[in-house]
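K.L.:
Before anything else, here's the structure in question.
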Amino acid sequence: MTGPDRPEPDAAREDPGARTGADDALLHDDGPVPMVLAASWDQAEAKLYPAVTTRPDLYQRVLTVVRLTVDRLQALGPSTGALLAAAEQGPALVSEVMSEAGLSAYELDLDLLARAALAMRHREVAAEQGARRRLRRVAQGHRAGQAWVVLEEKGYAEGDPFVPYTRLEVEVATGRALLVTTRADEDFRAVVHGVEQLRVDLETGWVQEPEGGAVVTALHPSAAAREAHATLLREQSTVA
């Protein structure tokens, strides 16, 4: 549980009897959007809004069109393939959305609007896919009889000022979760280790604050101390 980057589970190795045909299709369509393409969407979003802030009327139109376009993209579902297919339509998709809403394209850059909407929807899709992956791993852990499972892990566990570490693990039966982290201190000369107590909604896969209180974060001077605290919290939960 405390190694460097953990690869995504191989979808083909999951229990085929535990999912539907629709789920099977989704499992193979939640890969990342190409970095260059995603960057172009983000750049469009960063360029779009500052350019119209001095025109309240135009700014409002831009917000409306982007929101309507994102709504259309949401209807396509949380798959990478659907997002990429919509991206190929680009301005045509925005034009169709505006036509249906009875909106004028006067003074609007449809390509910029399309890419800005794709940037927003891309963030949503990534979050939705992450939640779905967490649910799959909880189900795998349940079938394997595991009390706790690691849902996400990235970075160097022992600590490196330039390589942050995060590990999210959950108690399969309750959704009680621990977020184990390592980050640089203010001077980037050493690292700070932490353990946060959170909760994963076992119906949706979303990470939430713990029931009955705010997030509790404990800081530690070393990876060993951090892991000892995480172990104690897991054991306390099991005893309870």
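K.L.:
Residue check, Trp41 against (1) of a type in the set (Phe, Trp, Tyr); (2) under 19 Å from the mean Cα position of the chain (by Cα); (3) modelled with pLDDT under 95, all met but one. Which one?
P.N.:
It is condition (3) that Trp41 fails.
K.L.:
Let me ask another. Of the residues that sit in segment 108-119 and are part of a helix (DSSP H, G or I) and open to solvent by less than 50 Å² (accessible area, probe 1.4 Å), which one is nearest to Leu93 (Cα to Cα)?
P.N.:
Ala114
K.L.:
Considering (1) small (Gly, Ala, Ser); (2) assigned to a helix (DSSP H, G or I); (3) within 22 Å of Asp57 (Cα to Cα); (4) open to solvent by less than 60 Å² (accessible area, probe 1.4 Å), say which one Ala105 fails and leave the rest.
P.N.:
(2)
K.L.:
Just to be sure, is Ser95 hydroxyl-bearing (Ser, Thr, Tyr) and without any contact (Cβ under 8 Å) to a residue 40 or more places away in the chain?
P.N.:
Working: hydroxyl-bearing (Ser, Thr, Tyr): yes; without any contact (Cβ under 8 Å) to a residue 40 or more places away in the chain: yes.
Here the answer is yes, as Ser95 does meet what is asked.
K.L.:
Please count how many residues of segment 150-163 are of a type in the set (A, V, I, L, M), touching a residue at least 60 places away in the same chain (Cβ under 8 Å) and open to solvent by less than 10 Å² (accessible area, probe 1.4 Å).
P.N.:
1
K.L.:
Of all residues being open to solvent by less than 70 Å² (accessible area, probe 1.4 Å) and assigned to a loop (DSSP other than H, G, I, E, B) in segment 19-33, which is modelled with the highest pLDDT? Just the residue, please.
P.N.:
Here the residue is Val33.
K.L.:
Separate question: State whether one or more residues within segment 157-179 are within 19 Å of Ala225 (Cβ to Cβ), modelled with pLDDT of 95 or more and among the hydrophobic types (A, V, I, L, M, F, W, C).
P.N.:
There is at least one residue in segment 157-179 that is within 19 Å of Ala225 (Cβ to Cβ), modelled with pLDDT of 95 or more and among the hydrophobic types (A, V, I, L, M, F, W, C).
K.L.:
Can you tell me how many residues in segment 209-224 are over 28 Å from Glu128 (Cα atoms) and open to solvent by 30 Å² or more (accessible area, probe 1.4 Å)?
P.N.:
Restricting attention to segment 209-224, the residues satisfying the condition of being over 28 Å from Glu128 (Cα atoms) are 218-224.
Next cut, open to solvent by 30 Å² or more (accessible area, probe 1.4 Å) only: 219-222, 224.
Of the residues in that region, 5 qualify.
K.L.:
Also, I was wondering about something else. Could you please give the count of residues in segment 95-118 that are hydrophobic (A, V, I, L, M, F, W, C) and over 23 Å from Thr54 (Cα atoms)?
P.N.:
Final tally of qualifying residues: 3.
K.L.:
Can you tell me which residues in segment 164-195 are acidic (Asp, Glu) and crowded, with 19+ Cβ neighbours inside 10 Å?
P.N.:
Those that are acidic (Asp, Glu) and crowded, with 19+ Cβ neighbours inside 10 Å: Glu169, Glu171.
K.L.:
Would you confirm whether or not segment 111-133 contains a residue that is of a type in the set (D, E, K, R) and farther than 28 Å from Thr64 by Cα? If you could, list the steps in order and put the result at the bottom.
P.N.:
Start the filter on segment 111-133 by keeping residues that are of a type in the set (D, E, K, R), which leaves 111, 115, 121, 123-124, 128, 132-133.
Checking the rest, the ones that are also farther than 28 Å from Thr64 by Cα come to 132-133.
For segment 111-133, residues of a type in the set (D, E, K, R) and farther than 28 Å from Thr64 by Cα: present.
K.L.:
So is Ala147 of a type in the set (Gly, Ala, Ser), open to solvent by 20 Å² or more (accessible area, probe 1.4 Å) and closer than 30 Å to Ala46 by Cβ or not?
P.N.:
When the stated conditions are applied, Ala147 does not pass them.
K.L.:
Same structure, new question: Could you list, in sequence order, the residues of segment 64-89 that are over 16 Å from Pro34 (Cα atoms), open to solvent by 10 Å² or more (accessible area, probe 1.4 Å) and more than 23 Å from the chain's Cα centre (by Cα)?
P.N.:
Thr64, Gln89
K.L.:
With respect to Thr54, is the statement that it is modelled with pLDDT of 95 or more and at negative phi true?
P.N.:
Numbers: modelled with pLDDT of 95 or more: no; at negative phi: yes.
It is false that Thr54 is modelled with pLDDT of 95 or more and at negative phi.
K.L.:
So which residues in segment 196-208 are among the acidic types (Asp, Glu) and either open to solvent by less than 10 Å² (accessible area, probe 1.4 Å) or not in a strand (DSSP E or B) (or both), if there are any at all?
P.N.:
Asp201, Glu203
The values are calculated or read from the model by the stated rules, or taken from the named source; none is laboratory data. All figures in this text were calculated on a predicted structure; none of them were measured in a lab. Using ideal geometry, Cβ is built from the backbone for each residue, glycine included, and neighbour counts are taken over all protein chains shown. In case anyone asks, the SASA skips ligands and DNA or RNA and just uses the protein heavy atoms, side chains included. Shrake-Rupley method; radii C 1.70, N 1.55, O 1.52, S 1.80 Å.
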